[in-house]
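Peer 1: I'd like to ask some things about the structure below.
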């Protein structure tokens, strides 16, 4: 819990506009590319947290006297409208609301997604603020919307005709920003779907593990030397044997979970997650955690209908994004 409190304090520093110096902008941009790739791998919707964070940050910046480098005239024109003593109380109240929203979203993320670490959230927060310089980013759109809303709600003394023109302008901007955001989200979703399908490889990184599907073979029996260890045959079924290898590439011990096999049969995908228990050291998974940098190879056995045939993909366990790897055809 202390770690989570510390990370939120760090986020509040970011909220107050203490963004990275422009002299380090190139390095920050490179770092953020890697951080955004990692964010995709976490399989978490950080959108509400980011929106609240940016909205808080931009209102805090609007209350400051000095202008920072790298921000557009669109942002500064709106912030200058709000940078008046009579609006400070309103802006402080709105900023606190966004701050509370961001805190609630951060707490929710930690509670629902144990795989998200404090460093992950702090890095994402830093990149979200850095993206305010990019007019094509979600951050920039969220900032414009927050400023527009504040201008219209602040009680700023604007002549009626000008106010109505602003309402019309800001409404159009909202629709444009919303459409662009949906387009970016659709593109990201397509990219994630493609990465999940992983159609050209039998190897993939899932969480703490580098995973390989060496192949899948269907047979009526396993051919064990000790026949008493063979799983019982059933009329109308056969066994699908997955030859799998995985390596813990993290810095701590981790459990590995078998996941499921996906078989495309007659145009429909069937999901098989029940693994047969085989009392043979060449089969099944260890009951304990796998230590860092340790590799493990095994066979996992799934019981399937005899008539089943088609393309097989393996979806390893503990895999929020549902990443799959090729496993051949049966």
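Bear in mind these aren't lab numbers, they're just calculated from the coordinates by the rules spelled out. All values reported here derive from a predicted model rather than from experimental measurement. A quick note on method: Cβ atoms are made from the backbone with ideal geometry, for glycine too, and the neighbour counts reach across all protein chains shown.
Peer 1: Which length gain, in nm to one decimal place, applies between residue 31 and residue 104 when the Cα-Cα distance is subtracted from 0.36 nm times their residue separation?
Peer 2: Between residue 31 and residue 104, full extension yields an extra 23.6 nm.
Peer 1: In what sequence, highest mean first, do 224-236, 100-112 appear when ranked by Cβ atoms within 10 angstrom?
Peer 2: The densest-packed peptide leads the list: 100-112, 224-236.
Peer 1: Another question about this same structure. Using 1/(1 + (r/R0)^6) with R0 = 22 angstrom and r between the beta carbons of residue 233 and residue 296, what's the FRET efficiency to the nearest 0.05?
Peer 2: Between residue 233 and residue 296 the formula returns 0.20.
Peer 1: In whole Å, what is the distance between the alpha-carbon centres of segment 98-150 and segment 257-314?
Peer 2: If you average the Cα positions of each part, the centres end up 38 Å apart.
Peer 1: Separation between the residue 250 and residue 74 pseudo-spin-labels, each 7 Å from Cα along Cα→Cβ, expressed in nm?
Peer 2: Going from the residue 250 label point to the residue 74 one covers 4.0 nm.
Peer 1: Still on this structure: How much length would be gained if the chain were fully extended between residue 111 and residue 265, taking 0.36 nm per residue of separation minus their Cα-Cα distance, in nm to one decimal?
Peer 2: Extending this stretch completely gives an extra 51.6 nm.
Peer 1: Between residue 288 and residue 161, how high is the FRET efficiency from 1/(1 + (r/R0)^6) when r is the Cβ-Cβ distance and R₀ = 56 Å? Nearest 0.05.
Peer 2: Between residue 288 and residue 161 the formula returns 0.15.
Peer 1: Another one. Grab the Cα-Cα distance for residue 134 and residue 178, subtract it from 0.36 nm times how many residues apart they are, and report the gain in nm with one decimal.
Peer 2: So the extension gain works out to 14.2 nm.
Peer 1: Next question. Using the number of other C-beta atoms within 10 angstrom as an exposure proxy, rank 315, 96 with the fewest first.
Peer 2: 96, 315
Peer 1: Fewest Cβ neighbours within 10 Å first, please rank 206, 217, 44 accordingly.
Peer 2: Ascending number of Cβ neighbours within 10 Å: 217, 44, 206.
Peer 1: Based on the mean of other beta carbon atoms within 10 Å per residue, what is the order of 114-123, 54-63, most packed first?
Peer 2: Per-residue mean Cβ counts within 10 Å order the peptides as 54-63, 114-123.
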